[in-house]
1. Per-residue counts of other Cβ atoms within 10 Å, averaged by peptide: what ranking do you get for 154-161, 243-250, 79-86, highest first?
2. What aspartates and glutamates does Lys36 reach when the alpha-carbon gap must be under 12 Å and sequence neighbours fewer than 8 apart in one chain are set aside?
3. If we count other beta carbons within 10 Å of each Cβ, what is the order of Glu56, Glu219, fewest first?
4. Taking the alpha-carbon set of segment 256-301, what are its Rg and Dmax in Å?
5. Where is the GNM fluctuation largest for the chain (alpha-carbon springs, 10 angstrom cutoff): Ala346, Ala367, Ala289?
6. Placing +1 on the Cβ of each Lys and Arg and -1 on the Cβ of each Asp and Glu in the chain, which of Ile199, Phe50, Asn358 has its Cα farthest towards the positive end of the resulting dipole?
7. For the pairs Lys321/Lys366; Lys22/Lys141; Lys175/Lys195, note any where the Cα-Cα span goes beyond 26 Å.
8. Arrange the following residues from fewest to most other Cβ atoms within 10 Å of their Cβ: Tyr95, Tyr285.
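What follows draws every value from the coordinates through simple rules; no lab data is involved. Everything numeric here is computed off the predicted structure, so don't read it as measured data. Using ideal geometry, Cβ is built from the backbone for each residue, glycine included, and neighbour counts are taken over all protein chains shown.
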Amino acid sequence: MLIDSWTAHRKLRNHKCGVFLKNGEEWRSDRLVLNKEVISPVGTRKFLPFLNTVAEDFVDFMHRQVRKNTRRSLTVDLYRDLFRFTLEASSYALYGERLGLLEESPQPESLHFIDAIETMLRTTLPLLFLPPGVMRWVNNKLWQEHMDAWDAIFKHADRCIQNIYQEFCLGQPRKYSGIMAELLLQAELPLDAIKANIIEFTAGGVDTTAMPLLFTLFELARNPHVQTAVREEIKAAESGGPAELSKVLNRLPLLKGTIKETLRLYPVGITVQRYPTRDVVLQNYCVPAGTLCQVGLYAMGRSPEVFSDPERYDPRRWLSKEDSNFKALAFGFGARQCIGRRLAEAEMMLFLMHVLRNFKIDTVSKADVKTVFGFILMPEKPPLLTFRPTD
């Protein structure tokens with residue numbers, strides 16, 4: 001499914017669309033090039049140190065907040081801080097530049113960028129339900145906010161591209177400088193296509209990572225036995241001495257299962273959509289080619305017919321090799337699975353690895369969090385979490 005308001009901005013500003021907004025052969029040719037740097041194991045290993053650095057900085061940020069409290073603990077609605085973390089981490093991996101959003105006083109241009117991202121996401125939801133041409137007449141202020149936000153995001157990308165080219169011209173020894181720099185060096189895609197895709201990664205990878213992290217921290221807080229088990233797994237994975245980050249993450253199946261369990265109960269997108277390219281017959285029912293088919297992920301994740309004891313938060317259910325059914329669909333499936341999947345998974349795992357190593361997490365209320373749909377699934381009211389240093 002396409003997002004008409006995003007596509008309308010590209011047409012009005014004469015910008016290219018990226019893979020989020022494409023179909024057909026044009027989508028396929030872009031996707032094959034991007035897969036190598038964004039979703040392949042080789043590409044993923046390159047940007048892991050960038051994500052790890054930001055996760056370590058977030059822990060330092062949290063320690064600074066705790067030290068300001070005489071009780072040596074911090075009770076907070078963490079959503080805003082998680083939004084900053086995910087934008088900082090994804091931008092570093094994509095553009096090879098730090099925004100400085102975890103510093104005490106971020107730069108004005110960084111704050112302007114995060115404001116643009118927030119405005120773009122906020123204005124996208126009402127624009128989903130009315131064609132852009134109609135919205136421009138019904139609520140021109142909202143439409144103009146949306147356009148201005150995208151313009152600011154594109155301006156940021158242009159500045160990053162200029163910085164990368166300046167580095168190339170200096171002729172210094174080559175080192176990894178992020179996904180966009182690698183794509184520019186390969187020159188398998190034109191410049192405007194690279195920019196379009198990197199911008200869509202930026203737009204699609206902030207709230208969609210921040211929300212699962214918030215829900216995961218909440219579930220770990222109200223399930224202390226799970227939190228303890230994951231923390232012990234992290235200690236064991238790191239006890240073998242220094243190792244590549246990819247190898248350390250491979251030693252954390254329970255942590256990975258924890259993220260899957262969160263996405264089962266709180267899927268970022270509540271459905272997965274597909275348009276069949278040919279007629280499909282299922283149980284004597286014909287689905288004509290071109291029909292929009294949707295899998296209700298929220299309902300499926302909480303169905304006792306699919307998951308035993310579905311209301312129980314149990315990451316160990318994902319460790320069993322006996323059940324090979326196709327159930328983990330939060331990132332989609334097949335050739336059109338979410339292209340940012342590996343980036344998001346690594347970002348969440350490294351964040352949780354560092355946070356759990358440094359803090360014990362509790363929650364004021366253990367009652368279920370009510371959720372609402374706001375372009376993605378989110379809590380009606382973010383839960384308050386308490387962080388206490390483990391030492």
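1. 79-86, 154-161, 243-250
2. By straight Cα distance, Lys36 reaches Glu182, Glu188.
3. Numbers: Glu56 14, Glu219 22.
Going from least to most buried by this count: Glu56, Glu219.
4. 13.9, 38
5. For the chain, modelled as a Gaussian network with Cα springs under 10 Å, the answer is Ala289.
6. Highest projection toward the positive end goes to Asn358.
7. Correct reply: Lys321/Lys366; Lys22/Lys141.
8. Final ranking by Cβ density, sparse to dense: Tyr285, Tyr95.
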